[in-house]
Amino acid sequence: MFCGLQIYVLCLFLGISSALNMTIPSYTVNGIEGQPLRLEVAYNFNFAFSDIQIIWLFEKPPTNPKYLLTSVNRSVVPDLEYRHKFTLSPPNASLLINSLHRSDEGNYIVKINIHGNGTKSAIEKIQVTVNVPVTKPVIYMEPSFGVVEKKGNITLKCVVEEGTRVVYQWMKNENPIEDSSNGSMTINKDTLSIAPVLKEAIGNYSCLVTNPISAMMSDMITPTIYYGPYGLTINNAKGQKVGKVFMLDKGDAVQLYCSADSNPPNIYSWILKANNSIHPVQYGEFLEIASEEVTQRTEYICTAYNNMTETHVETHILVIVIPKGLEQKWKYLSPLAIITGISLFLIVSICIFAIWKRFQPHKVIQQKLNRKGPRTKARYRKGQTVSGHESATRDFGVYEFITLPDTAEIPPVPRWRVIDSDVTDSDVVQSQVINVTVYEDVHPAPELNEEQQDET
């Protein structure tokens, strides 16, 4: 099969083929009403011939094809109905339509017969459209006045006085609008609806109209949309946004101004808040307070009101007057130094708390008493009366126990040697108690609670 194809191609180059070939540049031709239109047709063959016949027919569904004209060699025989409308110059097969009318729109059929050693035929069909150029479109807006955001709707209509097969393309800021690009926009050919109107719909709208032979763009139209206020901020004299607290050097005047995004522009007012009451101080976006009238700590309120949207917003700012240079010192203080200082403070505080928890005297004694049991606690209470004082807080120290030899008449009385204590020997001698509790090591005296003092 491949070899046969090669032989066929070779025969074409050698001129052996007897086929008739017809070429149509375009199967759809767009014409302009009132102007001539030429339907180009080319054909070729390379075999001996005696006659060439060219036939043109016109078809407009659903009607049957109509005969227009025919030619044999160089002789043309037109249909008498169309003899002034069409021109054919054989052996050229192209057809010239002298003046297009709407009724000329349809399918044109061309057939070529070549008679030689037999008859070879070829047939093609060309679709012709008759178009009227579009004129410059005009956009009409409803309503023609402004609308309030989220409350009103806008309808734009693109009107073209002349033109056939018009295709509409809506543009916003010179970019095409797709039907689903914005949830509030709906496109229906020449109509663009915005419902409800949002701030995002603000822009320049235009309409591009096209057809197969022309294109025209309308003038831009900008709908008026009332919105806001949005993003209310307070700025300093340099135009820099300030936060909720504004610090200034002593002796400086207060210079602030409010700004918010809205249409139409907002109505601004400044209010002084002091002693749980408010007092209007200035109207307009700027606030200027002379240095001698500035107090050390003052709270101001900036309000913005849009009379079209009937929306009111406000923001607060606290103005603090500080000595000159102090604000700069705080500005140049390294954040790392601040973090380091806070960390050291926390570490030292934790260490002090841990030491205090570890060496609380009354808890140490309490822990030892708990380990020795209830009998030891009773002896401890009795031992508090050894010194003869009402309070034993002065008797705590380190003691050495001395045992005397037993006698028959007198029970053994323990002697106490006081080391590093405020207790005197006379106090010890005057107090003779048989049951004595001895501690090898006693820490500084704990503070006795009321119950222990009562028992003492």
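The values are calculated or read from the model by the stated rules, or taken from the named source; none is laboratory data. Computed from a prediction, not measured in an experiment: that's the story for all the values here. Quick reminder, even Gly has a Cβ in these numbers, built from the backbone with ideal geometry, and neighbours come from all protein chains shown. To get the accessible areas, we keep the full protein, side chains included, count just its heavy atoms, and leave off ligands, DNA and RNA. Shrake-Rupley method; radii C 1.70, N 1.55, O 1.52, S 1.80 Å.
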- Rounded to 0.05, the calculated FRET efficiency for the beta carbons of Glu310 and Gln169 at R₀ = 41 Å is 0.65
- Note on the structure: Listed by chain and number, the residues whose amide H is under 5 Å from that of Leu232, excluding neighbours fewer than 5 places away on the same chain and using placed H, are none
- Residue by residue through segment 146-157, the couplings from Karplus 6.51 cos²θ - 1.76 cosθ + 1.60 with θ = phi - 60°, in Hz, x for Gly and Pro, are x, 10, 8, 4, 6, 10, x, 10, 10, 10, 10, 10
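Segment 166-305: percent of C-alpha pairs farther apart than 21 Å? Spell out each step's value before the answer.
Details: 5767 of 9730 pairs.
Above the 21 Å cut-off, segment 166-305 has 59 percent of its Cα pairs.
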- For segment 258-275, what does the Karplus curve 6.51 cos²θ - 1.76 cosθ + 1.60, with θ = phi - 60°, yield as ³J(HN,Hα) per residue in whole Hz, taken in order and with x for Gly and Pro? 9, 8, 7, 7, 6, 9, x, x, 6, 9, 9, 8, 10, 10, 8, 10, 8, 6
- Taking the Cβ of Trp270 as the centre, find all other residues whose Cβ is under 12 Å away and add up their charges (Lys, Arg: +1; Asp, Glu: -1). -3
- Item | Relative intensity, log₁₀ I(q)/I(0), of segment 45-182 from a Debye sum that treats every alpha carbon as a point, q = 0.10, 0.12, 0.13, 0.20 Å⁻¹ | -0.58, -0.68, -0.73, -1.20
- What per residue convex hull volume, in Å³, comes out for segment 228-333 when only alpha-carbon positions are used? 103 Å³
- Hey, with R₀ at 30 Å, roughly what FRET efficiency would His279 and Lys250 work out to, going by the Cβ-Cβ distance, to 0.05? 0.80
- Query: In segment 69-129, if every C-alpha pair distance is counted and binned at 5 Å from zero, what percent goes to each bin?
  - Reply: 4, 15, 24, 27, 17, 9, 3, 2, 0
- Task: With 22 Å as the limit, write out which pairs from Lys151/Lys244; Lys151/Lys241; Lys136/Lys157; Lys199/Lys244; Lys66/Lys125 have Cα-Cα distances beyond it, or answer none.
- Result: Lys151/Lys244; Lys151/Lys241; Lys199/Lys244
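Please express the shape of segment 124-207 as an equivalent ellipsoid: the semi-axes are the square roots of 5 times the eigenvalues of the C-alpha gyration tensor, given largest first in whole angstrom.
Each semi-axis is √(5λ); the values are 31, 14, 10 Å.
Could the peptides 285-294, 207-216 be put in order, highest first, of the mean number of other beta-carbon atoms found within 10 Å of their residues?
207-216, 285-294
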- Item | Relative packing of 120-128, 45-53, which averages over residues the other C-beta atoms within 10 Å, highest first | 120-128, 45-53
- Restricting things to alpha carbons, tell me how big segment 114-166 is in terms of Rg and Dmax, in Å. 26.2, 84
- Message: Skipping prolines and chain starts, which residues have an amide H placed within reach, meaning under 5 Å, of the one on Glu299, given they are 5 or more residues away or on another chain?
- Response: Lys273, Val319
- Item | Mean accessible surface per residue for segment 107-165, computed with a 1.4 Å probe while every protein chain stays in place, in Å² | 52 Å²
- Note on the structure: Rounded to a whole %, the carbon-and-sulfur portion of the accessible area of segment 31-116 at a 1.4 Å probe is 54 percent
- 3J(HN,Hα) from dihedral phi, segment 118-133, Karplus parametrisation 6.51/-1.76/1.60, rounded to Hz, x for glycine, proline: x, 10, 10, 10, 9, 9, 9, 10, 10, 8, 10, 10, 10, 10, 10, x
